[in-house]
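Please treat every number below as a calculation from the coordinates, not as lab data. On a predicted model such as this, the values are computed, not experimentally measured, just so you know. Reconstructed Cβ throughout: ideal geometry from the backbone, glycine too, with neighbour counts over all protein chains shown.
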């Protein structure tokens, strides 16, 4: 159990999902100001060298009012450094993995939501981004403006696929077969999500299959995803990102992909085209979130008119 917030029970309004979501909020147009605050969730394991710099950089992201670092069984001073940087720190006594750490962070964020305020968006970031964490501002802006329900940060040169691993290609294939969309970087970890998208994706897939499973679940729920260029720089202190885990990354991605494909057999995500779509960086798939919200608002209005007759 985490040392702080030991029970990690969600907010009273979070018994079944992480907050109530209105599907028509902000319907019909992109928003131009930050309607939602943002909670940053950073899973961290033995990153004491870089975590304070990452946390301080997160404070410069517009809309961020809560930074949660989940110390996942670190043996160094990760927790102390994160706390010194200004983060709320929750600690797992043993290493439970990135998926578990992210879920713990989401629960803590839900506990801190104010009843009278819109639910915070959730921004997942790697612990070793240092000063480049502020690049995630683009992801926050896209989600808050209603461009997409989930914004994913990819490197500016991500269109160059000449040196991709088998896990990346496998994840892209799984997402394409399940949803019709072909992402540029299916395993990108830096993501900003609405609570509706978050609820569609939880519980998270384990291990390195997390990102592929998350994308499939969000799109299968009829929500939208966009990839955006972000010049993130990983400083190298995160031991879970290296080549030592290449075989595990492939195996986890294979297992998750198979499970998702079997679970989604015969299921077509709303608005899915009949052919594979590679939208490219900057284009939401299958359409902007505010357009979907507008359609839902019109449909709900029509149902209300019929009920009133």
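In this calculation the C-beta distance from residue 84 to residue 221 is compared with R0 = 30 Å, giving a FRET efficiency of 0.15. Rounded, prolate or oblate: which fits the stretch 46-106 when a ≥ b ≥ c are the square roots of the eigenvalues of the alpha-carbon gyration tensor, with rounded for a/c under 1.5 and prolate only if a/b beats b/c? Judged from the Cα gyration tensor, the stretch 46-106 comes out oblate (a/c at least 1.5, b/c at or above a/b).
When all alpha-carbon pairs of the stretch 97-137 are counted, what percent fall beyond 13 Å? Across the stretch 97-137, Cα pairs with separations above 13 Å total 61 percent.
Considering the stretch 75-186 at the alpha-carbon level, its Rg and Dmax are found to be 17.0, 49 Å. Look at where the Cα atoms of the stretch 116-189 and of the stretch 47-74 average out, and the two centres are 18 Å apart.
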